[in-house]
Amino acid sequence: MVAMTALTPSRVWWSAVRPATLAASVAPVLAGTAVAIHEGGIRPAAGLAALVVGITMQLGVNFANDYSDFVRGVDAPGRVGPVRAAASGVVAPEHVKLAAIAAFGIAGAVGLALSLATDWRLLLVGAACLLAGWLYTGGPRPYGYLGLGEIFVFVFFGLVATCGTVYVESLRITPLAVFAGCGMGFLATAILVLNNLRDIETDAAAGKRTLATRIGRDRTLVLLVVIVCAAFVVPIVILVLGLAGVTVMLVHFAIPVAAVPVRTAFASRGGPALVAALKRMAAAEIAYALLLALGLLA
């Protein structure tokens with residue numbers, strides 16, 4: 001962890017952004033746009049708005065998690081991993097809370113405009129996203145502390161983000177959109193699994209009951225393998241069902257990228273190694289989305 005004397009406000013805020021996790025908001029929009037084009041419909045302005053909503057939602061979740069973990073005493077001095085803004089002593093915790101509210105506010109405003117320009121029913125989806133983002137680690141009974149974080153990530157940063165992008169760009173949701181959303185969701189969940197694997201000891205000591213602390217390290221490693229493998233089964237299913245051509249199999253060129261963090265998770269318990277693995281899994285999700293887009297548009 002960075003020495004406290006080396007911290008500056010800009011460095012702390014950048015750490016709070018958790019740039020590696022932004023892949024979980026960019027990748028589904030990229031994949032969803034490719035699906036929309038493949039299905040014959042594209043609205044570039046809507047796609048750009050979906051990207052803004054995705055990124056600001058991710059920022060809101062990151063800041064809210066930072067603040068809530070500090071308030072609940074989860075970010076103890078011995079914690080491994082990137083510096084947390086609220087616990088750093090450099091940034092006021094209330095400022096982190098305000099940053100979360102601001103990010104969610106931008107996501108809500110852009111999402112509102114996008115919904116009114118597309119389909120008012122998306123307002124319900126947007127409200128669910130904002131509520132889920134705040135209650136992940138906030139509120140009286142945060143579900144992120146109940147071992148449900150992986151479900152949240154799969155649903156909202158996988159299915160909802162991808163299918164939502166497809167819908168605002170093509171005004172329909174197809175089976176291909178759902179399968180693409182599953183692929184994105186599996187890899188986004190793998191990022192969270194690596195994060196919770198890194199923090200398993202400090203989370204357990206602080207009473208934060210993530211899925212990793214509930215099922216233990218060995219079963220968490222098995223879960224990691226299963227969801228990463230599931231992501232690469234998705235293009236096979238798409239091909240078998242005739243939803244896209246053989247070029248969708250280009251996605252498998254991302255397997256070596258995703259395999260590295262999985263091997264690291266099995267080989268090391270050290271915080272720095274698992275931080276690097278998390279970043280590599282984020283890169284794997286971006287690579288997956290790019291290859292999926294190339295495969296669908298080839």
Query - Looking only at region 201-243, and only at residues there that are among the small types (Gly, Ala, Ser) and closer than 19 Å to residue 72 by Cα, the one that is surrounded by the fewest Cβ atoms within 10 Å (Cβ to Cβ) - result: 207
Report task. Any chance you could count how many residues in region 216-239 are touching a residue at least 12 places away in the same chain (Cβ under 8 Å), over 14 Å from residue 265 (Cβ atoms) and not aromatic (Phe, Trp, Tyr)? Result -> 7
Report task. For residues that are hydrophobic (A, V, I, L, M, F, W, C) and either surrounded by 21 or more Cβ atoms within 10 Å (Cβ to Cβ) or not in a helix (DSSP H, G or I) (or both), tally how many sit in region 275-286. Result -> 5
**Report entry** Subset of region 160-194 (residues that are under 19 Å from residue 238 (Cα atoms) and part of a loop (DSSP other than H, G, I, E, B))
**Finding:** 172, 173, 174
**Report entry** When residues of region 131-154 are limited to those that are touching a residue at least 60 places away in the same chain (Cβ under 8 Å) and among the aliphatic types (A, V, I, L, M), the one surrounded by the most Cβ atoms within 10 Å (Cβ to Cβ)
**Finding:** 153
Query raised in the report: Considering only residues of region 53-107 that are more than 28 Å from residue 28 (Cβ to Cβ) and β-branched (Val, Ile, Thr), which is modelled with the lowest pLDDT?
Result: 80
Query raised in the report: Looking only at residues in region 244-266 that are under 20 Å from residue 282 (Cα atoms) and among the small types (Gly, Ala, Ser), which one is surrounded by the fewest Cβ atoms within 10 Å (Cβ to Cβ)?
Result: 259
Query raised in the report: Among the residues of region 224-234, is there at least one that is out of contact with any helix residue (DSSP H, G or I) (no Cβ under 6 Å at 6 or more places or on another chain) and of a type in the set (Gly, Ala, Ser)?
Result: no
Query - Set 132, 117, 113, 128: member being closer than 30 Å to residue 216 by Cβ and assigned to a helix (DSSP H, G or I) - result: 132
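The values are calculated or read from the model by the stated rules, or taken from the named source; none is laboratory data. Since the model is a prediction, treat every value here as computed from it, not as a measurement. For neighbour counting, all protein chains shown are included, and Cβ atoms are generated from backbone atoms with ideal geometry for every residue, glycine included.
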